[in-house]
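A.B. asks: Submitted below is the structure of interest, expressed as structure tokens.
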Amino acid sequence: MQKQDKQQKYSYQAGFGNVMQSEAIEGALPERQNSPQRCPYGLYAEQLNGTSFLMPRHQNLKSWLYRIQPSVTHGAFKPVDNGLLRSRPFDQLPPTPEQLRFDPFDIETLREQLDKAHIDFIDGLFTICGNGDSASYRGSAVHIYCFDTPMQDKYFVCSDGDFLLVPQLGTLDIATEFGGMTVAPGEIAVIPRGIRYKVNDLHVEQDKTVSRGYILENYGAPFILPPLGAIGANGLANPRHFLSPTASIEHQDSAERQKKRDCQLINKFAGNLWTAWMDHSPLDVVAWHGNYLPYKYDLSLFNTINTVSFDHPDPSIFTVLTSPSEVEGIANVDFVIFPPRWMVAEDTFRPPYYHRNVMSEYMGLIHGVYDAKQQGFVPGGGSLHNAMSAHGPDAETFQKASQANLAPTQIKETLAFMFESSLIYAPTQKAMDSVHRQTDYLDCWQNLKSNFKIDKSD
Ligand code: FE2
């Protein structure tokens, strides 16, 4: 069953990790084999692997693409300026135990830093922090994107990791080799490593809107849905709600397809940006089949599970996707959300508890107010609490929550998220020097007073 998106622009196939197939022209997909001597319509057959050939069948990810020209038809790669994008080794600064918080990044500051009047998706990538090593397939990086200009004949491929995109402002229009997807705030998209695409705002050409959001670049194992354990067979993100594109040729008109044009492919490879030119769109795929695919997910469909007795559950209960490490139970990186939910716990301090966590946490806010921070943590902003760095509700939140009437209440119109990694995040120099960094962040906890009284009768 195909599903149409809310913008009525693209249709999708549903299911997480499913083997799917799609053709933009009927009969373009070879019926009985992957690589016939001559493909229908004179297409080239090409395999794209997301895992090594010998991965067990249930973990093996690959797709076959039937394209007008094979992906190799491009000129030599040359290095280009990385802009504000940073990658391995994350050694500009030592990782800090200090709690960090940032105001939203804005397009004007990016224009000044890059000395550019117009910023497209690739120009507007700003790295906040990272860990591990893309070349050894372990770790992740956190980037902000912010742009106001379409990519036009520019295309992107990340050879280092999967991009998990979390829009906060503006609806993304992502054209990929497998077809198009729109991704609005409240939805996410994952573009696995090696897939070529371009990102525009759905409305950027009409009203010059600014698009902004967060990116988790996952160097590690591909994302899977978390195991449900004692929850049972259902709960959290439902596999049937993940949507992948249907095949479409970027320029359907045959005259347009034949026309040679200068297209630029930007490749993020081993931490640096490289560029190669080609005389056609790299999205010239007419049909495909496989299970290595881009996908999107509407976070409002998350089946949120919370306590119905007492105490705040650990945030692992809110995990949407996880990239596992070699050790069971230790994620390379998790994507976790804090969605609207009912709070009914009795005799409980209901906001997130104070904690020091062995995992390192980057948090962002898509909209609304997060229940542990009344002020300072705003949509488009972010915070970083590295391993064992203490954090929790600010003084104002503690005061209110410890005195609150504990009737059932609904936290509405809020959507925060967390990228949680088993590796320590090192901030970039640019992030630490940024005008958006809140150098007074620690002040939010300094008014937490001692309420200790030795006399229990008081
Ligand atoms: Fe935390």
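The values are calculated or read from the model by the stated rules, or taken from the named source; none is laboratory data. Bear in mind that the values here come from a model prediction, so they are computed numbers and not experimental data. Here Cβ is always computed from backbone atoms with ideal geometry, including for glycine, and neighbour counts include all displayed protein chains.
A.B. asks: Regarding segment 378-385, can at least one residue be identified that is hydroxyl-bearing (Ser, Thr, Tyr), within 10 Å of the ligand (Cβ to nearest atom) and either part of a loop (DSSP other than H, G, I, E, B) or at pLDDT 95 or above (or both)?
C.D. replies: Looking only at segment 378-385, we keep the residues that are hydroxyl-bearing (Ser, Thr, Tyr), and these are 383.
Next, only the ones that are within 10 Å of the ligand (Cβ to nearest atom) stay: 383.
Subsequent filtering for residues that are either part of a loop (DSSP other than H, G, I, E, B) or at pLDDT 95 or above (or both) retains 383.
Yes: segment 378-385 contains one or more residues that are hydroxyl-bearing (Ser, Thr, Tyr), within 10 Å of the ligand (Cβ to nearest atom) and either part of a loop (DSSP other than H, G, I, E, B) or at pLDDT 95 or above (or both).
A.B. asks: Which of the numbered conditions does Ile174 fail, given that it passes all the others? Conditions: (1) assigned to a strand (DSSP E or B); (2) closer than 30 Å to Asp433 by Cα.
C.D. replies: The single condition Ile174 does not satisfy is (2).
A.B. asks: Of all residues in segment 268-322 being of a type in the set (D, E, K, R) and surrounded by fewer than 20 Cβ atoms within 10 Å (Cβ to Cβ), which is farthest from the ligand (Cβ to nearest atom)? Steps first, please.
C.D. replies: Quick first cut of segment 268-322, residues of a type in the set (D, E, K, R) only: 268, 279, 284, 296, 298, 311, 314.
Now restrict to residues that are surrounded by fewer than 20 Cβ atoms within 10 Å (Cβ to Cβ): 279, 298, 311, 314.
Numbers: Asp279: 50, Asp298: 25, Asp311: 16, Asp314: 10 Å.
Top of the filtered list is Asp279.
A.B. asks: For the list (1) modelled with pLDDT under 95; (2) touching a strand residue (DSSP E or B) at 6+ places or on another chain (Cβ under 9 Å), I need the number of the one condition that Asn303 fails.
C.D. replies: Unmet for Asn303, out of (1) modelled with pLDDT under 95; (2) touching a strand residue (DSSP E or B) at 6+ places or on another chain (Cβ under 9 Å): (1).
A.B. asks: What is the residue count in segment 403-438 for residues that are polar (S, T, N, Q) and either closer than 30 Å to Asn332 by Cβ or outside the structural domain of Thr322 (by TED's automatic domain parsing) (or both)?
C.D. replies: 7
A.B. asks: Are there any pairs, at least 6 apart or on different chains, whose C-beta atoms fall under 9 Å, with the first in segment 391-416 and touching a residue at least 60 places away in the same chain (Cβ under 8 Å) and assigned to a loop (DSSP other than H, G, I, E, B) and the second within 16 Å of the ligand (Cβ to nearest atom) and not acidic (Asp, Glu), and if so, which?
C.D. replies: Between residues of segment 391-416 that are touching a residue at least 60 places away in the same chain (Cβ under 8 Å) and assigned to a loop (DSSP other than H, G, I, E, B) and residues that are within 16 Å of the ligand (Cβ to nearest atom) and not acidic (Asp, Glu), the close pairs are Leu406/Arg350; Thr414/Phe338; Thr414/Leu365; Thr414/Tyr370.
A.B. asks: Restricting to segment 364-377, and then to whatever is buried (at least 20 other Cβ atoms within 10 Å of the Cβ), farther than 15 Å from Lys400 by Cα and of a type outside the set (A, V, I, L, M), can you tell me which residue is modelled with the lowest pLDDT?
C.D. replies: Here the residue is Phe377.
A.B. asks: Can you tell me how many residues within segment 52-99 are assigned to a strand (DSSP E or B), buried (at least 17 other Cβ atoms within 10 Å of the Cβ) and of a type outside the set (A, V, I, L, M, F, W, C)?
C.D. replies: Total satisfying the criteria: 4.
A.B. asks: Checking the condition hydroxyl-bearing (Ser, Thr, Tyr), over 23 Å from the mean Cα position of the chain (by Cα) and more than 13 Å from the ligand (Cβ to nearest atom), which residue from Thr428, Thr348, Thr414 passes?
C.D. replies: Selected residue: Thr348, the only one of Thr428, Thr348, Thr414 that is hydroxyl-bearing (Ser, Thr, Tyr), over 23 Å from the mean Cα position of the chain (by Cα) and more than 13 Å from the ligand (Cβ to nearest atom).
A.B. asks: In segment 179-237, how many residues are in a loop (DSSP other than H, G, I, E, B) and either aromatic (Phe, Trp, Tyr) or closer than 26 Å to Ala247 by Cβ (or both)?
C.D. replies: Of the residues in that region, 12 qualify.
A.B. asks: Quick one: is Gln8 in the same structural domain as Ser159 (by TED's automatic domain parsing), out of contact with any strand residue (DSSP E or B) (no Cβ under 8 Å at 6 or more places or on another chain) and exposed (fewer than 14 other Cβ atoms within 10 Å of the Cβ)?
C.D. replies: Details: in the same structural domain as Ser159 (by TED's automatic domain parsing): yes; out of contact with any strand residue (DSSP E or B) (no Cβ under 8 Å at 6 or more places or on another chain): yes; exposed (fewer than 14 other Cβ atoms within 10 Å of the Cβ): yes.
Criteria met by Gln8.
A.B. asks: Within segment 322-331, does at least one residue satisfy the condition of being polar (S, T, N, Q), at pLDDT 95 or above and either not assigned by TED's automatic domain parsing to the domain that holds Gly382 or not in a loop (DSSP other than H, G, I, E, B) (or both)?
C.D. replies: Scanning segment 322-331 turns up at least one residue that is polar (S, T, N, Q), at pLDDT 95 or above and either not assigned by TED's automatic domain parsing to the domain that holds Gly382 or not in a loop (DSSP other than H, G, I, E, B) (or both).
A.B. asks: When you scan segment 440-457, do you find a residue that is away from the ligand (no atom under 15 Å from the Cβ) and in a helix (DSSP H, G or I), even just one?
C.D. replies: yes
A.B. asks: Still on this model: Please go through segment 347-363 and pick out each residue that is surrounded by fewer than 21 Cβ atoms within 10 Å (Cβ to Cβ) and either of a type in the set (Asp, Glu) or without any contact (Cβ under 8 Å) to a residue 12 or more places away in the chain (or both).
C.D. replies: Selection gives Asp347 alone.
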